[in-house]
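Here is the structure we will look at.
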Amino acid sequence: MVTVRGRLQLPHGYAEYDDLDRVRVDNRLVPRAIDVTYPGVGGQPELTMRIEVRDGQPQCVEVRVRALDGGREVRASDMRAVRIEDWVELIVGSVADEVVADDGETVTTVVRLDKRAYRDAVETIRSARKRGRARVNDDVLRQAAEIYRDNVLGAPLHAIASAMGVSHRTAARYIQRAREAGYLPETTPGVRRA
């Protein structure tokens, strides 16, 4: 099988992919897999990331941050600097070819290099990723309400965030929506009820 490696130069790093192995994401053809490397300059840790298209959506499937020999340790600030969602959208949008014709057998694409085309590509990738995110349904709200009730005298917000693998902000939204759905009673500031 023939492989043609594509390379996208990034600030402080690069992304590589098989330019012949592309899949359709809405009106774009994008590499099936992209390997991103920020090699770590001046003793900074190295970051590698893999993006794959799964179920029609570009997704980050791996991130690795490691200290280089003779470099400094990995710090929490290094982890906070990793903006996965933004990076996926920007990197995939940068290597996405626009589909201009598709007769079922042959797909014709065009690479546009202007800022508007780039913004359109990033928005296409962002929209495809949003469609794939889990929706908050009644089962999620019931689960959040149950965790809340079990932890009402402790730290219910933290318990929901930990148990459900979400941020505190998302856990707070779950609590609010569970109240609106009637799974939790309304509260009075300073009074704990579940």
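About the Cα centre of the chain, what is the dipole size in debye to 20, counting +1 per Lys and Arg Cβ and -1 per Asp and Glu Cβ, all else neutral?
That gives the chain a dipole magnitude of about 920 debye.
Please work out the C-alpha center-to-center distance from segment 30-45 to segment 115-158 and express it in whole Å.
27
Given axes a ≥ b ≥ c from the Cα gyration tensor, I'd like to know whether segment 49-117 is rounded (a/c under 1.5), prolate (a/b larger than b/c) or oblate.
prolate
In whole percent, what relative contact order does segment 44-128 give with Cα contacts below 8 Å and a gap of six or more residues?
24
Just to check I understand the Karplus step: with θ = phi - 60° and J = 6.51 cos²θ - 1.76 cosθ + 1.60, what whole-Hz values come out for segment 25-37, glycine and proline as x?
10, 6, 9, 10, 10, 10, x, 4, 9, 10, 9, 10, 9
Given the options R177, R50, R169, state which has the largest fluctuation in a GNM of the chain using a 10 Å cut-off (strictly under) for Cα springs.
Highest fluctuation of the listed residues: R169.
For the residue pair V140 and R179, what label-to-label distance in nm results when each label sits 7 Å from Cα along the Cα-to-beta-carbon direction?
Placing both labels 7 Å along Cα→Cβ, they lie 1.9 nm apart.
Note the angle between two axes, namely the Cα long axis of helix 115-132 and the longest principal axis of the Cα atoms of the chain, as a number of degrees from 0 to 90, rounded to the nearest 10.
That works out to roughly 50 degrees.
Can you put D120, D102 in order of Cβ neighbours within 10 angstrom, beginning with the fewest?
Going from least to most buried by this count: D102, D120.
Kindly rank 92-99, 63-70, 145-152, 35-42 from highest to lowest mean number of other beta carbons found within 10 Å of each residue.
Top of the packing list down: 92-99, 145-152, 35-42, 63-70.
Would you mind ranking T170, T106 by Cβ crowding within 10 Å, fewest neighbours first?
T106, T170
Over the chain, what is the relative contact order in whole percent, taking alpha-carbon pairs under 8 Å and six or more residues apart?
After rounding, I find 13 percent.
I need the shape label for the chain. Rule: rounded when a/c is under 1.5, else prolate if a/b > b/c, else oblate, with a, b, c from the alpha carbon gyration tensor.
Oblate is the answer for the chain, as a/c is 1.5 or above yet b/c matches or exceeds a/b.
A short reminder: the numbers here are calculations on the coordinates, not readings from a lab. Only a predicted model underlies this, so the values are computations on that prediction, with no experimental measurement involved. Ideal geometry is used to build each Cβ from the backbone, glycine not excepted, and the neighbour counts take in all protein chains shown.
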